């Protein structure tokens with residue numbers, strides 16, 4: 001079972017994005033808040049299902065928002081694909 005693991009280093013922030021440097025290519029990626037949130041939680045310890053549950057739980061407890069697992073699954077997979085294409089997760 002895939003447990004996404006982040007790669008790269010935080011090198012700064014702009015008003016609404018976090019700057020992550022690719023560890024090998026040294027190119028800089030500007031991550032919007034949700035992509036950064038996903039990237040930060042890709043520590044190799046969580047499966048996709050665990051990431052989905054984490055997002056649902058935190059949305060409910062911190063933002064008082066109810067999210068469906070189907071919606072989170074779709075959005076999370078899109079975010080993971082963007083991070084994978086950028087070389088920021090493996």
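The values are calculated or read from the model by the stated rules, or taken from the named source; none is laboratory data. Given the structure is predicted, the values throughout are model-derived calculations rather than measurements. For neighbour counting, all protein chains shown are included, and Cβ atoms are generated from backbone atoms with ideal geometry for every residue, glycine included.
Can you find, within segment 24-43, the residue that is surrounded by the fewest Cβ atoms within 10 Å (Cβ to Cβ) among those that are modelled with pLDDT of 95 or more and more than 12 Å from the chain's Cα centre (by Cα)? Per the stated criteria, the residue is 28. So, residue 83, is that one surrounded by 12 or more Cβ atoms within 10 Å (Cβ to Cβ), touching a residue at least 24 places away in the same chain (Cβ under 8 Å) and outside any loop (DSSP other than H, G, I, E, B) or not? In short, yes. For residues in segment 1-23 being touching a residue at least 40 places away in the same chain (Cβ under 8 Å) and part of a loop (DSSP other than H, G, I, E, B), which is surrounded by the fewest Cβ atoms within 10 Å (Cβ to Cβ)? The extreme case among them is 1. Would you call residue 67 in contact (Cβ under 8 Å) with a residue 12 or more places away in the chain and assigned to a helix (DSSP H, G or I)? So residue 67 does not fit the description; no. Selection of segment 24-59 for residues being within 17 Å of residue 72 (Cβ to Cβ), in contact with a strand residue (DSSP E or B) (Cβ under 6 Å, 6 or more places away or on another chain) and not in a loop (DSSP other than H, G, I, E, B) yields 36, 39.
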